[in-house]
Amino acid sequence: MDQEILSSLAHFQEQIEALSLRFHKLKDITYQLYKENEELERENEELRSLLFKDQEEAEDAVVEKEGYSNLIHIYDEGYHVCPLSFGEKRKGDCLFCLNLLENQGKEK
């Protein structure tokens, strides 16, 4: 009977050691996954900021182009677009307006 109890205790100790080994392996894997997740989140944030920066620049370019198109449209309808007489009806061509439109066109 004593031998049976000692054998059971030895077997139980082996199981505990095996479980402890599995626990430590799982803990190491969990730590590695945690570190990888942190790195991926950091990389993801950097990529998002680059993506949004590119999108904002593209949107700004579209807005500037629309503004330039609007100025041309206003000028073609017969109104001044120069700061000196903006919005006033013009009689003939205005060198200030034409210069402004030409300079805006070169920036695009």
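Values in this text are rule-based calculations from the coordinates and carry no lab data. The structure presented is a predicted model; accordingly, all values stated were derived computationally and were not measured. Positions of Cβ are generated from backbone atoms using ideal geometry, with glycine treated the same way; all protein chains shown enter the neighbour counts.
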* With Cα atoms, 0 to 90° folded angle of helix 95-107 axis to the chain main axis -> 20 degrees
* **Folded to 0 to 90 degrees: helix 2-76 orientation relative to the chain principal axis, Cα** => 0 degrees
* Cα-based Rg of the chain per 2.2 N^0.38 Å, rounded to two decimals? -> 2.85
* Contour minus end-to-end for Gln3 and Phe86, with contour as 0.36 nm per residue of separation and end-to-end as the Cα-Cα distance? -> 19.2 nm
* Asked: With each label point set 7 Å from Cα along the Cα-Cβ vector, what nm distance links Arg48 and Tyr34?
  -> 2.2 nm
* Go ahead and estimate [θ] at 222 nm for the chain from helices alone: -39,500 (n - 2.57) per DSSP H run with n ≥ 4, summed, over the residue count, rounded to 500. => -30500 deg cm²/dmol
* Structure fact -> Once both label points are put 7 Å beyond Cα along the C-beta direction, the Gln15-Glu57 separation in nm becomes 6.4 nm
